[in-house]
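Worksheet: the structure to be examined is printed underneath.
The values are calculated or read from the model by the stated rules, or taken from the named source; none is laboratory data. Because the structure is predicted, anything quoted here is derived from the model rather than measured. Cβ placement follows ideal geometry from the backbone for every residue including glycine, while neighbour counts extend to all protein chains displayed.
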Amino acid sequence: MATAESSPRPSFPGRGSALGGISPVSVLLVAVAAALLVGCLRSETFAQLTVEGLALGAVYGSLALALVLVYRATRIVNFAQGELAMATTYIAWQLIQWGLSYWEAFFATLGIAFVLGTLLEVVLIRPVLHRSAIAAVIVTVGLFILIDGAVTWIWGGSFKFMPSPFGTKIYHVGGVAIARLYLGMLAVVLVSVVLVWALFRFTKIGLGMRAAALRPAEAALVGIRVDRMLAVGWGLAAVLGAVAGLMAEPSQFLLEPTLMQPILVYAFAAAVLGGLESPAGAVVGGLAIGVSLSLIVQYVPAISSELQLPFAFAVLIVVLLIKPSGLFGRREVRRV
Amino acid sequence: MSRLPALVSLLAVAGVLAALPFLLSSYNISLAAQVGIFFIAVLGLNILTGYTGQISIGHGAFMAIGGYTTAVLSRDHDTNLVVTMLAAFAICFVFGVLVGLPALRLSGVYLALVTFALAISVPQLPLKWSSFLGGRDGVQASRTVSHLWLYAVAWSAAAILFVLAWLILRGRVGRAFRAVRDSEIAAVASGIELPVYKTLAFGISAAYAGVAGSLFVLATNGFAAPDEFAVVLSLELLIGAAVAGLGSLWGILAGAAFVGLLPAVSSSVPVIGSDHGRDVVFGAAVVLVMLLLPGGFAGLLARLRQLARA
């Protein structure tokens, strides 16, 4: 397959080409934000739904970012990313059952997720990395079923109840009721995303990871342990997935083995909408999917809540057909 | 495989399959029928993924369409069940071509993403149009079939579809499929119309999945419900194709037996013999196969033949 990149340098996190200068995409985003703001000022329901949508969208964006990190590092879409996130959410539940407080369990789980993600890359992904794309996809699909089965085997298939870390408090801002839960979700996800961005942007290991993902051979020549960097990338992705799972659980989703399956589809749509290459795009895409689902289900009678997943599917198809590089991705030129 | 041994082994398999109903208990016949159903679906997926190089994690969606076709036709018109299978074949062919059209512009991971989303989305549709498609409760076909009927029909269909696949793949069309898989650029340069062959492969493989889905519904007492077609089904098909060996027809029986029998076999194993222990075995097995035996069962056969010749 002949691939030539129109821009020789793909955007790094923190050096997003689309963010500098005025591009049509940024104009579009500002316009959408303005429209949302006007809507929020005019209608309380609209404002409430927007906040909810943003919170859920942050969760989708977080998982999408995990997918993007893995894709940038290893050119693999990890179909087991959602299941991994679901498994780590169960681990957090178990830790809480054993008597840890919510936030102790939260941080312990992130650590466990990092180790799990790293191990997976080293043990299972590395051997198929340089074989066909199909082989890698099949391994992650096998992992999907493996994790799904293991979780059901250990914890059973019925719902588990996890206490909400943010309580049930509701703030009233000018007639709009906003649950503390949603603000908390939004804050936790955004803080984790910013931390990951800062890691990539300002630390030596982040620089090493960027180099290893984009120019493996050259990175190895200047002494970067490329293998190790890719494994760390998988570990970080697992951490972001765990954040997504933990934040999804107290909102609309129940802790059960299928917890992350719909979220994975939304995350796919988000990642593709943002351009599968772009970390910033994944987050923006996630927020866009979250808000549009939340609003569409309320205001478009034809699309009821059963059609949320098909809607995400439609977004996926339309983006790939009209603008396969997404909002922030680089264009790939390929002629056949 | 050279002509004669291939023919002999095919005839041997056919003979064993014909003898099985006389040897097995009713329960085991239903298991053997299950293998036949997966045989058809894995065969279809292999035409697409193995021969044309287009990955699909969404063939469970086509099985769902085929299954609902049978259930709805039988419920509303009491159509002959074999006729509903032909209808499932035709309808799924059309849907396959429709999905294949956007797939023309997608390759590799993007196609995997889209088909995965398809597999998750399609079981939602009966919930939306619940008066026609039965909602969460599903659709009940007007008649049920015996295990023996299912076995006979499933394996007859499998035999017909196997010969059909062999005829398609050995000739001009099959060469075009393989050329598309190996290099799209080279294929176009030799005058192959990519859109035609890619969508054709999608249509054929979806049609196979449709027939399998139709039988799949009959195997569950003619009952089609969204939960039966959960995303795991699609994953199982891809796993079956991987175990069988992509790009070869000779391992399909092994792949189908793996997917069709593993649930029953692993549930009788101690420790993991719970409902979901089997998924652990499933996942672990496929990961091991991919790591240790990249060519699947067909690859193993080929390697053994080389050893025998040396």
If the Cβ limit is 8 Å and pairs must be 6+ apart or interchain, which residue in the stretch B:161-174 that is over 16 Å from B:T52 (Cα atoms) and part of a helix (DSSP H, G or I) pairs with which residue that is at pLDDT 90 or above and of a type in the set (A, V, I, L, M, F, W, C)? B:L161/B:I40; B:L161/B:L43; B:L161/B:V211; B:F162/B:F39; B:F162/B:L43
Consider B:L45 carefully, then state whether it is over 16 Å from the mean Cα position of the chain (by Cα) and at negative phi. no
Quick one: what pairs do we get from the stretch A:250-261, first residue in contact (Cβ under 8 Å) with a residue 40 or more places away in the chain, second hydroxyl-bearing (S, T, Y) and crowded, with 18+ Cβ neighbours inside 10 Å, C-beta under 6 Å, 6+ apart or different chains? A:P257/A:T152
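Mind counting the residues in the stretch B:215-232 that are closer than 23 Å to B:S156 by Cα and either within 14 Å of another protein chain (Cβ to nearest Cβ) or β-branched (V, I, T) (or both)?
The number of residues fulfilling the criteria is 2.
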Would you mention how many residues in the stretch B:236-259 are assigned to a helix (DSSP H, G or I) and surrounded by 24 or more Cβ atoms within 10 Å (Cβ to Cβ)? 14
Go through the stretch B:100-110 residue by residue and tally those that are facing another protein chain (nearest Cβ under 9 Å) and either part of a helix (DSSP H, G or I) or acidic (D, E) (or both). 4
Neighbours by Cβ (under 8 Å, 6+ apart or cross-chain): first from the stretch A:299-324, within 15 Å of B:A103 (Cβ to Cβ) and facing chain B (nearest Cβ under 7 Å); second outside any loop (DSSP other than H, G, I, E, B) and polar (S, T, N, Q): A:F313/B:S121
Looking at B:Y208, B:Y151, B:Y197, can you tell me which residue is within 18 Å of B:A90 (Cβ to Cβ) and of a type outside the set (G, A, S)? B:Y208
If you scan the stretch A:80-125, which residues turn out to be small (G, A, S), surrounded by fewer than 22 Cβ atoms within 10 Å (Cβ to Cβ) and assigned to a helix (DSSP H, G or I)? A:A108, A:G111
The lone exception for B:I65 - which of (1) among the β-branched types (V, I, T); (2) closer than 23 Å to A:F79 by Cα; (3) assigned to a helix (DSSP H, G or I) it fails: (2)
Looking at the stretch B:143-160, is at least one residue of a type in the set (G, A, S), surrounded by 15 or more Cβ atoms within 10 Å (Cβ to Cβ) and more than 19 Å from B:V211 (Cβ to Cβ)? no
Candidate set from the stretch A:134-144 (those that are within 20 Å of the chain's Cα centre (by Cα) and within 7 Å of chain B (Cβ to nearest Cβ)); member that is surrounded by the fewest Cβ atoms within 10 Å (Cβ to Cβ): A:L143
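Yes or no: A:R72 assigned to a loop (DSSP other than H, G, I, E, B) and within 14 Å of chain B (Cβ to nearest Cβ)?
Numbers: assigned to a loop (DSSP other than H, G, I, E, B): no; within 14 Å of chain B (Cβ to nearest Cβ): yes.
Considered against the rule, which asks whether it is assigned to a loop (DSSP other than H, G, I, E, B) and within 14 Å of chain B (Cβ to nearest Cβ), A:R72 comes out as no.
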